[in-house]
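Step one of this worksheet: look at the structure below.
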Amino acid sequence: MRNGSGDEYFLVFCPEGAILKGFDHESPMSPWVREQVAVWPGILEEVPTVFASFLAEPAFSMDNCSFCIWREPSDEDWRHGPINLPESETPDPDGSEGLLWMFDGKPETYVEFAAEYYEKAINIEAVRQIYAHVPLTQFMVSELNSEANWEATVKDAEEIRYPILSWPTVR
């Protein structure tokens with residue numbers, strides 16, 4: 001996700017878990033506010049080696065990083081490196097709260113975000129079903145995006161192991 005104002009985050013779900021890297025260009029922990037441009041100490045130092053390809057992916061602009069969290073399948077909570085937060089007047093020194101507010105686990109919050117970001121209203125019931133991990137149907141997908149390609153969506157869902165309602169083939 002890039003917001004068009006210089007902020008971004010990248011999130012990958014994979015068999016090894018999930019990892020999210022974010023960048024708030026105005027945060028006190030932005031690499032660009034330091035005298036020597038560099039990622040804030042501790043943000044990336046303890047990322048597990050299973051996520052090495054994520055850290056090396058050029059498209060993710062790892063030099064532009066103000067926070068990073070990850071979770072392996074055996075983890076009960078999201079983890080982060082050993083970070084000493086800077087003295088700051090803002091309660092969100094790494095910018096994560098401002099960039100990730102829509103991921104509070106509430107479908108209503110995501111619908112609010114989508115309406116603002118995509119300038120489009122989406123069906124709250126379909127979002128609630130996704131949040132409840134209800135198996136994906138073509139109807140659900142069309143309720144969320146009438147232009148979505150069902151076959152491509154199924155392929156993406158299979159890749160992240162999201163359940164899909166399969167219909168028996170008639171022969």
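Quick one: what do you get for the chain if you divide its Cα Rg by 2.2 N^0.38 Å?
That ratio works out to 1.19.
List Ser142, Ser96 from most exposed to least, where exposure is judged by having the fewest other Cβ atoms within 10 Å.
Sorted ascending by nearby Cβ count, the order is Ser142, Ser96.
When N counts the residues of the stretch 15-57, how does its alpha-carbon radius of gyration compare numerically with 2.2 N^0.38 Å, as a ratio?
Compactness ratio reported: 1.32.
If you take every residue apart from Leu55 with its C-beta less than 14 Å away from the C-beta of Leu55, what net charge results, scoring Lys and Arg +1 and Asp and Glu -1?
-4
Starting at 0 and stepping by 5 Å, how many percent of the alpha carbon pairs of the stretch 37-79 end up in each bin?
Once binned at 5 Å, the Cα pair distances of the stretch 37-79 give 5, 20, 30, 27, 12, 5, 1.
What does the charge count near Gly6 come to, summing +1 for each Lys or Arg and -1 for each Asp or Glu among other residues with Cβ under 12 Å from its Cβ?
-3
Report the net charge of residues surrounding Phe23, where surrounding means a beta-carbon distance below 12 angstrom and charges are Lys +1, Arg +1, Asp -1, Glu -1.
Once all neighbours under 12 Å are counted, the net charge is -4.
Once the convex hull of the C-alpha atoms of the stretch 107-159 is built, how many Å³ does it hold per residue, rounded to a whole number?
81 Å³
Can you give the direction-averaged projected area of the convex hull of the alpha-carbon atoms in the stretch 33-130, in nm²?
The orientation-averaged projected area of the Cα hull of the stretch 33-130 comes to 8.9 nm².
A short reminder: the numbers here are calculations on the coordinates, not readings from a lab. These numbers were taken from a predicted model, which means no experiment stands behind them. Virtual Cβ from ideal backbone geometry, glycine too; neighbours counted across all protein chains shown.
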